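Colleague: What follows is a structure written as structure tokens; I'll ask about it next.
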Amino acid sequence: METTAADRQFAEDYRHAREIPRDGLTAWRAAVAAEIDLRPGSTVVDVGAGTGAFASAFADWFGARVFAVEPSDAMRALIPRTDDISVHDGRAEALPLPDDCADAAWLGSVVHHIGDLEAAAAELRRVLRPGAPVLVRNSFPGRCARDLRVRFFPGAERIVDGYPTVEETCAAFATAGFSRVALHAVPQESAPSLADFADRIRRDTDAKLRGLTDAEFERGMLRLRSAAAGEPGRPAVSWMDLLVLS
């Protein structure tokens with residue numbers, strides 16, 4: 001299917017609104033390093049790589065080689081091509097990669113977009129080396145109170161309630177022999193201030209916001225702008241979960 005101007009604009013808006021500055025991901029680097037010893041020569045499958053923020057981070061942080069797998073042509077076009085990052089057209093349920101090729105898999109904010117979690121788990125079992133972990137960065141129902149979007153747009157919790165739960169995700173991956181190893185809440189600085197965070201919001205690119213009514217979204221923006229005015233120096237810190245399966 002041909003990539004349209006609308007597709008390209010969506011990808012650009014997504015990158016502007018959703019990519020977190022590298023300095024804001026310090027806690028994620030530490031959380032990943034605590035779970036797996038990645039080093040130059042290690043390989044990571046980034047499933048649903050989007051515009052490549054975490055693919056670049058894994059390459060820069062650890063010197064790892066990253067297979068960035070993304071189904072959107074427009075998104076893939078924005079993923080940096082380097083010696084350490086190879087970009088592939090594919091989905092979690094059908095990874096275009098050989099067997100036993102990777103030391104870890106990264107699923108960043110993608111679990112709720114996967115149509116068949118059991119099929120995805122089977123594919124990850126195929127491409128991962130024995131004992132290699134799956135690192136899932138996601139919001140989960142019942143665990144999203146410290147998500148900035150939920151804080152300012154309470155209706156977003158209703159959207160997250162439709163995502164797979166931790167238990168459902170673990171059960172799906174158990175069908176391929178994975179078991180839960182760890183679950184941590186990890187902070188991230190989404191923007192240097194709440195005002196900057198508000199300026200970056202693009203409703204159509206955010207699964208937690210585009211399901212809101214117009215009134216819910218408008219009230220949320222008013223809350224956010226008010227908080228930004230009252231706390232001009234406060235960084236926009238949000239939290240997400242890291243679920244580790246192996």
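The values are calculated or read from the model by the stated rules, or taken from the named source; none is laboratory data. Quantities reported herein were computed from a predicted structural model and do not represent experimental measurements. Note: areas computed on protein heavy atoms with side chains; ligands, DNA, RNA excluded. Shrake-Rupley method; radii C 1.70, N 1.55, O 1.52, S 1.80 Å.
Colleague: Percent of accessible area on the chain owned by carbon and sulfur, 1.4 Å probe?
Modeller: Its accessible area is 50 percent carbon and sulfur atoms.
Colleague: Something else about it: As an exercise, find the ratio Rg/Rh for the range 176-242 from alpha-carbon atoms, using the Kirkwood inverse-distance average for Rh. Mind dumping the intermediate values first?
Modeller: On the way: Rg = 15.4 Å, Rh = 13.9 Å.
Rg divided by Rh gives 1.11.
Colleague: Report, for the range 27-154, the % of DSSP beta bridges that are antiparallel, rounded to 5. Walk me through the intermediate numbers first.
Modeller: Details: 2 of 20 bridges.
Within the range 27-154, antiparallel bridges account for around 10 percent of the total.
Colleague: Per residue, what volume in Å³ does the Cα convex hull of the range 19-98 take up?
Modeller: On the way: hull volume 7.5 nm³, N = 80.
Each residue corresponds to 94 Å³ of Cα convex hull volume.
Colleague: Next question, about the same structure. Assuming 0.36 nm per residue, please report the length gained on full extension of the stretch residue 8 to residue 26 beyond their Cα-Cα distance.
Modeller: Details: separation 18, 0.36 × 18 = 6.48 nm, distance 2.93 nm.
Roughly 3.6 nm would be gained on extension.
Colleague: Calculate I(q)/I(0) for the range 1-61 by the Debye formula, one identical point scatterer on each C-alpha and no solvent, and give its log10 at q = 0.28 Å⁻¹ to two decimals.
Modeller: -1.29
Colleague: Give the separation of the Cα centroids, the range 136-163 to the range 232-246, in Å.
Modeller: 12 Å
Colleague: Relative contact order (percent) for the chain, with alpha-carbon contacts under 8 angstrom and 6 or more residues of separation?
Modeller: Working: 471 pairs, mean separation 52.2, N = 246.
Result for the chain is 21 percent.
Colleague: Quick one: give the max-minus-min coordinate of the C-alpha atoms of the chain along each principal axis, largest first, in Å.
Modeller: If we take the Cα atoms of the chain, the spans are 51, 38, 33 Å.
Colleague: Here is a follow-up. Residues with amide H under 5 Å of residue 82's amide H, sequence separation 5 or more or different chain, H placed in the peptide plane at 1.01 Å from N; which?
Modeller: Answer set, sorted by chain and number: none.
Colleague: Karplus couplings for the range 236-246 from phi (6.51 cos²θ - 1.76 cosθ + 1.60, θ = phi - 60°), rounded to Hz, Gly and Pro as x?
Modeller: So the Karplus estimates, Gly and Pro as x, are 8, 9, 10, 10, 9, 9, 10, 9, 10, 10, 8 Hz.
Colleague: Separate question: Which whole-Hz ³J(HN,Hα) couplings does the range 143-153 yield from phi under the Karplus relation 6.51 cos²θ - 1.76 cosθ + 1.60, θ = phi - 60°, glycine and proline marked x?
Modeller: Taking θ as phi minus 60°, the curve returns 10, 10, 4, 9, 6, 4, 5, 5, 4, 9, 10 Hz for the range 143-153.
Colleague: Could you work out [θ]222 nm for the chain from helices alone, using -39500 (n - 2.57) per DSSP H run of at least four and dividing by all its residues? Round to the nearest 500 deg cm²/dmol.
Modeller: Values: 10 runs with 92 residues, N = 246.
Only helices count here, giving -10500 deg cm²/dmol.
Colleague: Keeping every protein chain present and rolling a 1.4 Å probe, give me the accessible area per residue for the range 7-136 in Å².
Modeller: Working: 5400 Å² over 130 residues.
Accessible area per residue: 42 Å².
Colleague: Then there's this: Starting from 0.36 nm per residue, how many nanometres of slack lie between residue 81 and residue 210 once their C-alpha separation is accounted for?
Modeller: Working: separation 129, 0.36 × 129 = 46.44 nm, distance 3.05 nm.
Extra length from residue 81 to residue 210 when fully extended: 43.4 nm.
Colleague: Quick one: what are the phi-derived ³J(HN,Hα) couplings along the range 26-37, Karplus 6.51/-1.76/1.60 with θ = phi - 60°, whole Hz, x for glycine and proline?
Modeller: 4, 5, 5, 4, 5, 5, 5, 4, 6, 9, 8, 8
Colleague: Related question: Can you compute log10 of I(q)/I(0) for the range 103-194 with the Debye formula, treating each Cα as one identical point scatterer, at q = 0.23, 0.25 Å⁻¹?
Modeller: -1.22, -1.36
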